[in-house]
Amino acid sequence: MNHPDLVPSDWVTRWAHLVHPGGKVLDLASGRGRHARFFAARGYEVTACDVDPNTLASLAGLPGIWTLQADLENDSPWPFHAGTFDAVVVCNYLHRPLFTNIADALAPGGVLVYETFLAGNERYGKPSNPRFLLGRDELLSAFAGRLVVTGFEQGLVERGKPALIQRICAVRSEALDHKLEP
């Protein structure tokens, strides 16, 4: 059985079928790489990017995964070229200044799968700092003008412990045709 910290998000697995088979995936703020591992095991070429070199070390040598240590909130410039990835996955991470870079990193037909905490989550635990909590419909506001939204949810979820979550799946519109069915 997989360690609980390595089980991919249900939201990510729900939308993974939209990602071009064998494509390039960015797991942003990857931590121990639960999503990097998920996509690499399915034949994708994955870049796992995180600030913590220790968590990235657990991914060293795994087939299909390249790691990049970067502090994108403080001293590292955005390291990825526009149009590079067939998918960008972001879970449990929020740094609003990266929204434009994240959308730009998607190739035509690329899929954004984003899931993080919503304001009000402080009632259930961490994160509780408003800096790390989305406002109502914030991911829609951030990405709907640039990408075609294929799924959006916000509210209370119970996965071990209750949390307020907001999540979006959106596609760079150039290749939305006939990709909605698994």
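The values are calculated or read from the model by the stated rules, or taken from the named source; none is laboratory data. If you're wondering where the values come from, they're calculated on a predicted model, not measured in any experiment. Just so you know, the surface numbers come from the protein's heavy atoms only, side chains and all, with ligands and any DNA or RNA stripped out. Shrake-Rupley method; radii C 1.70, N 1.55, O 1.52, S 1.80 Å.
Structural remarks
- Cα gyration tensor, the chain - rounded (a/c under 1.5), prolate or oblate: rounded
- When Rg and Dmax are taken over the Cα atoms of the range 34-78, they come to 11.0, 33 Å.
- Euclidean distance between Cα centres, the range 58-74 to the range 3-28, Å: 16
- In terms of its alpha-carbon gyration tensor, the range 67-173 comes out oblate; a/c meets the 1.5 threshold, while b/c is at least as large as a/b.
- Within the accessible area of the range 1-111, the carbon and sulfur atoms contribute 52%, probe 1.4 Å, all protein chains present.
- Rolling a 1.4 angstrom probe over the protein heavy atoms with all chains in place gives the range 1-139 an accessible area of 47 Å² per residue.
- Estimated from helical segments only, the mean residue ellipticity of the chain at 222 nm is -3500 deg cm²/dmol, where each DSSP H run of four or more residues counts as -39500 (n - 2.57).
- Normalised contact order of the chain, rounded percent, pairs of Cα under 8 Å and 6 or more residues apart: 18
- 3J(HN,Hα) couplings calculated from phi for the range 74-82 with the Karplus curve 6.51 cos²θ - 1.76 cosθ + 1.60 (θ = phi - 60°) are, in sequence order, 10, 10, 9, x, 4, x, 10, 7, 4 Hz; Gly and Pro show x.
- The slack in the chain from L140 to T84, taken as 0.36 nm per residue of separation less the alpha-carbon distance, amounts to 17.9 nm.
- If both residues of a DSSP beta bridge must be in the chain, then about 45% of such bridges are antiparallel.
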